[in-house]
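The next block holds one structure in the form of structure tokens; read it before the comments.
The values are calculated or read from the model by the stated rules, or taken from the named source; none is laboratory data. If you're wondering where the values come from, they're calculated on a predicted model, not measured in any experiment. Here Cβ is always computed from backbone atoms with ideal geometry, including for glycine, and neighbour counts include all displayed protein chains. Keep in mind that these areas ignore ligands, DNA and RNA; they rest on the heavy atoms of the full protein, side chains included. Shrake-Rupley method; radii C 1.70, N 1.55, O 1.52, S 1.80 Å.
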Amino acid sequence: MGAAQFIWFPVVAAAAYFLGCCNTALIISKYILKDDIRSHGSGNAGLTNFYRVFGKKMVIWVILGDLAKAVISCLLGGWLIGTLVFGGESAAMTALGKLWGGIFAMLGHSFPCMFGFKGGKGVLCGAGIICCMDWRIALLCLGVFAVLVAITRWVSLGSMVASALFPIACGVLYRNAAVVVLAVIAAFLIVFRHRDNAKRIARGEENKLEFH
């Protein structure tokens, strides 16, 4: 394995970041509905705020768009890094590549350069990453998320708890320090973006999801 092969790390990072910048909620609200989602509600360009402001209209496209860019970024990373750099020698190296691509897609989603670095909180991107990793990780994290949201109707709480479980599950399954470090970074990004929500939850002031 030559040093030149590591060029795929910045290539995947750049491609995934700019793919992540295609924030579906922002694009639909700003250019199709002509009403920037960041001007309403929490000001967040994500699924929950989009649903609260615009209802179910076009929500499916927000979900599909944000999941798709994360999945594509993960698959790109798994192929270019896991296969071309590490020769597909282990599931852990493929997972590392997927996480590398997924994290940069999440960064693009949360801090899109073409939208003034004001994006969403990365929950759907995180879900896309989890689904690309392993079905057991997806079952655990998404299952806990669904149960918590159903009980509390706090999407933010479900997102943070599921994110915290993610690196633990990766550690148990892959037993690779690099994979765990990247999983911790991915989880931290989501928890950090929800820090204000955590404060509101502690005060009992967090908005609950209304199904309409």
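Compute a Gaussian network model of the chain, connecting alpha carbons closer than 10 Å, and tell me which residue from H194, H109, H40 fluctuates the most.
So, out of H194, H109, H40, the one fluctuating most is H40.
Would you check the accessible area of C22, probe 1.4 Å, heavy atoms only, in square angstrom rounded to 10?
Rounded to the nearest 10, that gives 60 Å².
Each residue of the range 114-120 in order: what ³J(HN,Hα) in whole Hz does its phi give by Karplus 6.51 cos²θ - 1.76 cosθ + 1.60, θ = phi - 60°, with x for Gly and Pro?
Once θ is set to phi - 60°, the couplings for the range 114-120 become 7, 10, x, 6, 10, x, x Hz.
Could you order D134, D35 so the one with the most accessible surface comes first? Probe is 1.4 Å.
Listed by decreasing accessible area, they come as D35, D134.
Taking the range 1-73, which trypsin sites (Lys or Arg not before Pro) meet the DSSP loop condition and have no more than 15 other C-beta atoms within 10 Å?
K34, K56, K57
Give the lysines reachable from K56 as a straight Cα distance under 24 Å; neighbours fewer than 8 places away on the same chain don't count.
Within reach: K30, K34, K69, K118, K121, K208.
One-quarter of the Cα convex hull surface for the chain, in nm²?
Projected over every direction and averaged, the Cα hull of the chain covers 11.4 nm².
In deg cm²/dmol, rounded to 500, what helix-only [θ] at 222 nm does the chain give when every DSSP H run of at least 4 residues adds -39500 (n - 2.57) and the total is split over its residues?
So the calculated ellipticity at 222 nm is -21000 deg cm²/dmol.
Keeping every protein chain in place, order F166, F188 by accessible area at 1.4 Å, biggest value first, i.e. largest first. Can you show the working numbers first?
On the way: F166 10, F188 125 Å².
Sorted descending by solvent-accessible area, the residues read F188, F166.
What Cys residues in the chain have no fellow cysteine's beta-carbon under 4.7 angstrom?
C21, C22, C113, C125, C131, C141, C170
If I ignore ligands, DNA and RNA and count only protein heavy atoms, how much of R195 is accessible to a 1.4 Å probe, in Å² to the nearest 10?
110 Å²
Lys and Arg at +1, Asp and Glu at -1: add these up for the other residues within a Cβ distance under 14 Å of M58 and post the number.
+3
For W61, W100, give the ranking by accessible area with the largest first, probe 1.4 Å.
Ranked from most to least accessible, the order is W61, W100.
May I ask you to compute the full-extension gain from W135 to M114, defined as 0.36 nm times their residue separation minus their alpha-carbon distance, rounded to one decimal in nm?
Value of the extension gain: 4.2 nm.
Give me the percent of the accessible area of the range 37-149 that comes from carbon and sulfur atoms, probe 1.4 Å, all protein chains in place.
Carbon plus sulfur share of accessible area: 72 percent.
Taking the radius of gyration and the Kirkwood hydrodynamic radius from Cα positions alone, what is the Rg/Rh ratio for the range 112-153, to two decimal places?
Expressed as Rg/Rh, it is 1.13.
Helix by helix, which DSSP H runs in the chain go 20 Å or more along their axis at the Cα atoms and have an average Kyte-Doolittle hydropathy of -1.0 or more? Present the calculation step by step, with values, prior to reporting the outcome.
Details: long enough: 59-77 (27 Å, 1.97); 91-110 (28 Å, 0.93); 135-152 (25 Å, 2.28); 155-174 (28 Å, 1.75); 177-193 (24 Å, 2.81).
The answer, listed by residue number, is 59-77, 91-110, 135-152, 155-174, 177-193.
Let's see if you can work this out: charge +1 on each Lys and Arg Cβ, -1 on each Asp and Glu Cβ, no other charges. What is the dipole magnitude of the chain about its Cα centre, in debye to the nearest 20?
500 debye
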